[in-house]
1. Can you run phi through the Karplus equation (6.51, -1.76, 1.60; θ = phi - 60°) for region A:308-314 and list ³J(HN,Hα) in whole Hz, with x for Gly and Pro?
2. Averaged across A:653-662, how many Cβ atoms of other chains sit within 10 Å of each residue's Cβ atom?
3. Of the cross-linked pairs A:K91/A:K136; A:K208/A:K446; B:K11/B:K68; A:K114/A:K645; B:K26/B:K78, which ones have a Cα-Cα span greater than 24 Å in the structure shown?
4. Can you compute the FRET efficiency between B:E97 and B:I191 using 1/(1 + (r/R0)^6), with r the Cβ-Cβ distance and R0 = 60 Å? Round to the nearest 0.05.
5. Please list 3J(HN,Hα) in residue order for region B:143-159, calculated via the Karplus relation 6.51 cos²θ - 1.76 cosθ + 1.60 where θ = phi - 60°; whole Hz, with x for glycine and proline.
6. A:V436's amide H: which non-local residues (gap 5+, or another chain) put their own amide H closer than 5 Å, with H modeled 1.01 Å from N in plane and none for Pro or chain starts?
7. Between region A:579-634 and region B:193-268, what is the C-alpha centre distance in whole Å?
8. I need the Debye-formula profile for chain A: one equal scatterer per C-alpha, no solvent, reported as log10 I(q)/I(0) at q = 0.05, 0.06, 0.09 1/Å, two decimals.
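Every number here is computed from the coordinates shown, using simple stated rules; none is lab data. These numbers were taken from a predicted model, which means no experiment stands behind them. Positions of Cβ are backbone-derived with ideal geometry, glycine not excepted, and every protein chain shown enters the neighbour counts.
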Amino acid sequence: MAGIGVFICWCGENIARTVDVKKVAEEIGKLPGVTVAMEYKYMCSDPGQTLIRNHIRDDKLEGVVVASCSPHMHLRTFRAAAAREGLNPYKVEMANIREHCSWVHQDKERATAKAIELIAMSVAKVSKDKPLDAIKIPVTRRAMVIGGGVAGIQAALDMADGGIEVILVEREPSIGGKMAGLSETFPTLDCSQCILTPRMVDAGQHPKIKLYTWSEVEEVNGFVGNFEVKIRKKARYVDTTKCTGCGNCWNSCPQKKIPSEFDYATGNRTAIYIPFPQAVPARPVIDAEHCLKLTKGRCGICEKKCAAGAIHYDDQDEFVTEKVGAIVVSTGYQLYNFRAPETEKTKGYGEYGYGRFKDVIDSLQFERIVSASGPTSGEIRRPSDGKEPKTVVFISCVGSRDNNKGMAYCSKICCMYNAKHTMLYKHKVHDGEAHVFYMDIRSGGKNYDEFVRRAIEQDGALYHRGRVSKITEEGGKLIVRGVDTLAGKPVTVEADLVVLAAAMVPSKGAEQLAQKLSVGYDQYGFLSESHPKLRPVETNSAGVFVAGACQAPKDIPESVAQASAAAGKVLGMLSKEELTREPEIAHIDEKNCAACFACYRTCPYNAIEKAEVRDRRGNFIKMTARVNPGLCMGCGTCVAVCPSKSADIEGFTDEQIYAQIETLL
Amino acid sequence: MSEPLQNSCRKLLTDGTVQVVIGYVKSPVDSDPAIPGFITKPEDCQRLQWNDLCDLNLVTYLSRPEIKKLGKAAIVVKGCDLRALAVLLRESQVSRENLYIIGMACAGQRSSAAAAENNDAASGTLATPYKCTVCDAHQPDAKLCDEVIGADSVKNEPVEESTRYARLTEFLKKTPEERFAFWKRELSRCIRCYACRQVCPLCYCNRCIADRNRPQEISTSATLKGNVAWNITRAFHLAGRCVGCGQCSSACPMGIDLQLLNLTMAKAAEDNFGGYRAGVTELDPVIGTYSVEDKEGFIG
């Protein structure tokens, strides 16, 4: 191929210091097919790009090689420049003479020789480049949100308001998540339910939102723009279309002593129940483990009481499949189980006596105790004897920032809610003492540090900088032995109630869900964003986004902000009729394919299909492997494994690779 | 056993169960091994024969378009051939419903190629091939067959792995230099006639990479470089697939011991992938299947 232009960049001094760019241009100019070879100080700059464009136009170039930095850095830049001049962007190649050459060598003469070879290889490659077109994929303009906490609700509402249909899947009987159970929120002390429940109702009633509660994601198939998600609708034993939510069933259920999940066992519920009065949907479920009818075949009171005839004891799990174009994962968090750790990675805190001493509770339990909707209707009473505790100790960093327990990270919100807890306590028990043992106070954020200062200075919370070594029980009191490292003294507090601020960990099942979605996760199970700064809500699985505490510990404002960000990304993506993507993916020569399906078994993205080749009359000719362009990531495993060499990567064909190698021989 | 086979095939063709029988027919030269026959008429079934001159592996014809065109086929297979057929089925090259498999109990075969290996090249001399000396498939696997003829005549005895690879173990006693010298000497004689490929039941690509020229993956000239590239590539393509039927060695006009090369790859598959034996192990092919139990010692 004639008409190749080679543009050699100095990268300021980065390349030119070690590579004799003038000599390189001179030598490359002698290669067959090269029409123009020139160097310039900054090819990526506006004048640099203009230079390339002028040569494409004036010299009628058919292929361009830019010898500069990594294609990761600027391939898009140069392809776009070429495209503006009418050259197919996939006929632009880069030779990396910076990272691969000038940055790693010192000897100028040898580096120059290497640069020449690297560029010659790219010239060989570009001469066999074929014009390619970006791949267009049709889009299903619906989205799914997995997890109906505050982040999921926010994402669903934003997307639905943006005009797309949203499927919201929640595994609990009601949406609302952790926030629905909180008392008041920092730093404004506004009531959590008062701000959340209207949003829950909005989500439940929005014409564009389809709610699946008491449901879990079973299977995810397809690819960006075209996911098919199989949802398991767990047996509810209540027909939600007939049920009016009147409450006759749960008010008459004789099983009244079942620890409530919503109250973290600080309160009880019935066997047929709604988790809390403001639940959305306000439709009960039957807890099959405790229901007398389902376990022993007796009772059946709820069925008799139900005027709507909505109770069905023979209900089964059901499966539905929903097609969506994008998925937002907002599965949230739970508190680390410091009594009986669930994974081998984490260890417990036996010395704090949680589970042995009734009055040692965790922060979410305390939230229920101070909450007006909680089991004590907001009166602060301790679990053991129902008395008002006069001395409460709050312990920070239970698990968090503790490598020995398996969690090296800061849970981020505990410093703030500890301060909030002391205030809520002091506002209700004026003569009470609130002690906080802390490692550091982390209160970055708008009005956050002021809030902590208020707890200490106005509400008189007693802060001790130090750890608690042990809690024992003596005469109805919890003896909390700790240290104040600022005073350099041991501190012993005789407490009535101890609240442990346990580390936030990803909610149960997050890893399995991540695997279904091909989304990465870290050693703690938090989902991995695509880039910590520039792509914070995207994942490396195209079309899957993250929001809220499933990605890292977050407070409500951050979760909501991230949810809106994810919703914005989805709306942007689904605003187009079709998606475009780079065409450098595998291609099977179907005529040549022997249909051994080695590629089918090997493909890590399940992008290979078994297909039939038929003639125009529809007669079967042969089987063949076929690439699904939506799924293929262009990794090339099929190319390596194909015995008949029928698989090839567009833009990286065997022919091109051989041509490149041959320039070196 | 020729007669029951003929009767069976006659019936299959008469009632239209199959349109063609792929079997062994007598060579025009009386004492020579049998040649393949493609019988389409019931009255021709008397030409079919079964004896110890049926060393050919007829499975190779199943993936040929000209044979596929004839319609549903019945194929006569020995226990060893059936393993090649099992690999083809696994690699979706033939469809089971379009096939009638007649398994033959086999006490062992004789071939002229084996005689040549024993340096007994006199015309008409026949000897027992290596595969028959280590055979553990005298009886074909009945659950893969539609019919087995001579079921009680022979029994399968397990053969130790060390016995199956005895030839290779012996060869590996040589130093790497000696082995390389051996292969250089052997492969330099290759004339690139591709008889090994044509006869192999598992070489079924529509277009072999040896015939490709954009890019040319394998040098086509019969020089040592091109010959090594071709024969080694073929051995790699058969890794974990070759069932050791020995047709390549038999067909090679230059008498190159190709089976020894394939035996090396078969042992590698068996040693490294949980005792995997092509056509015996009921798992997906080794190449292209990942299991967490796979050894990874070769990495790093």
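1. So the J values, rounded to whole Hz, are 7, x, 8, 8, 10, 6, 9.
2. Numbers: counts 2, 5, 5, 1, 1, 4, 1, 0, 1, 1.
Partner-chain Cβ atoms within 10 Å, mean over residues of A:653-662: 2.
3. Details: A:K91/A:K136 19 Å; A:K208/A:K446 34 Å; B:K11/B:K68 21 Å; A:K114/A:K645 31 Å; B:K26/B:K78 17 Å.
Violating the 24 Å Cα-Cα cut-off are A:K208/A:K446; A:K114/A:K645.
4. Details: r = 41 Å, r/R0 = 0.68.
Efficiency for this residue pair is about 0.90.
5. Per residue, the Karplus-derived 3J(HN,Hα) values read 6, 8, 9, 7, 7, 10, 10, x, 4, 9, 6, 9, 10, 8, 10, x, 10 Hz.
6. Amide H neighbours of A:V436, under 5 Å, 5+ apart: A:F394, A:L462, A:Y463, A:H464.
7. Measuring centre to centre over Cα atoms gives 26 Å.
8. Result of the Debye calculation: -0.35, -0.49, -0.91.
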